[in-house]
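Structure record follows, encoded as structure tokens.
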Amino acid sequence: MSILSDNDIEQLMQKDELGIEPFQEKNLTPNGYDLSIEEVYIKKTEQHIKEGVAVIPPLTWFAISTKEFVKMGSKITSQLWIRSSYARRGIMASFGKVDAGFHGTLTISCFNANDTEVEIPVGDRFCQIVFESLLSEPKALYSKRSGTYQNQRGVTLKR
């Protein structure tokens with residue numbers, strides 16, 4: 001497995017082997033792409049915030065949906081990493097692997113570990129997706145193995 005560079009990402013997008021919609025050049029990093037916030041769901045208050053600023057109370061679980069709809073190719077997987085500007089403010093997030101063949105927006109489970117509220121602007125860059133190239137094509141892609149969240153949009157807690 002190898003990590004894809006900005007050049008690799010652009011080439012694979014041109015070949016339609018990887019998709020990021022909408023794509024903004026300014027979000028491209030040397031070894032990934034910064035994903036932005038489309039929606040914030042705060043469980044404690046049952047709020048779904050889709051514009052403006054979400055105010056996360058201290059010691060509160062919340063979820064974020066990415067604005068970007070990603071289309072993973074048959075030989076591409078990825079990891080998510082929180083941007084350090086959020087980690088420095090006490091935001092923790094649970095990230096998993098994005099499987100080869102997955103298509104959809106991403107729902108990220110988060111926690112404000114700070115003892116004060118944290119403001120999270122909708123549209124802000126929240127995490128980086130780092131793409132990896134698989135050595136061979138899987139026997140079955142995400143849509144065949146599970147596919148539970150295939151083509152999801154918005155905060156999706158369970159299906």
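Summarising the amide proton neighbourhood of I20: residues at separation of 5 or more, or on other chains, whose placed amide H is nearer than 5 Å comprise K71.
The ratio of the alpha-carbon radius of gyration of the chain to the globular-protein estimate 2.2 N^0.38 Å is 1.04. Computed from the Cβ-Cβ distance with R0 of 30 Å, the FRET efficiency linking L59 to S84 stands at 0.90.
For the stretch 45-133, run through the GluC sites (Glu not before Pro) and keep only the ones in DSSP coil with at most 13 other Cβ atoms within 10 Å of their Cβ.
Sparse-neighbourhood loop GluC sites (Glu not before Pro): E46, E51, E117.
Each Cα pair under 8 Å and six or more residues apart adds its separation to the average, and for the stretch 2-138 the resulting relative contact order is 34 percent. Could you grab the relative contact order for the stretch 25-80? Cα pairs under 8 Å, six or more apart, rounded to a whole percent. Over the stretch 25-80, the number comes to 34 percent. Between V98, V70, V55, the GNM of the chain built on Cα springs shorter than 10 angstrom shows V55 fluctuating the most. Summarising the amide proton neighbourhood of F62: residues at separation of 5 or more, or on other chains, whose placed amide H is nearer than 5 Å comprise C110, F111, N112. Taken along the Cα-to-beta-carbon direction at a fixed 7 Å, the label points for E25 and E132 span 3.1 nm. Counting Lys and Arg as +1 and Asp and Glu as -1, what is the net charge of the other residues whose Cβ lies under 14 Å from the Cβ of T60? Spelling it out: positives minus negatives among the neighbours equals -1.
Rg and Dmax, both from the Cα atoms of the stretch 1-45 and both in Å, are 13.9, 44.
Just so you know, all these numbers are worked out from the coordinates, no wet-lab data involved. Note that the structure is predicted; figures quoted are calculated from it, not measured. Cβ atoms come from the backbone with ideal geometry, glycine included; neighbour counts cover every protein chain shown.
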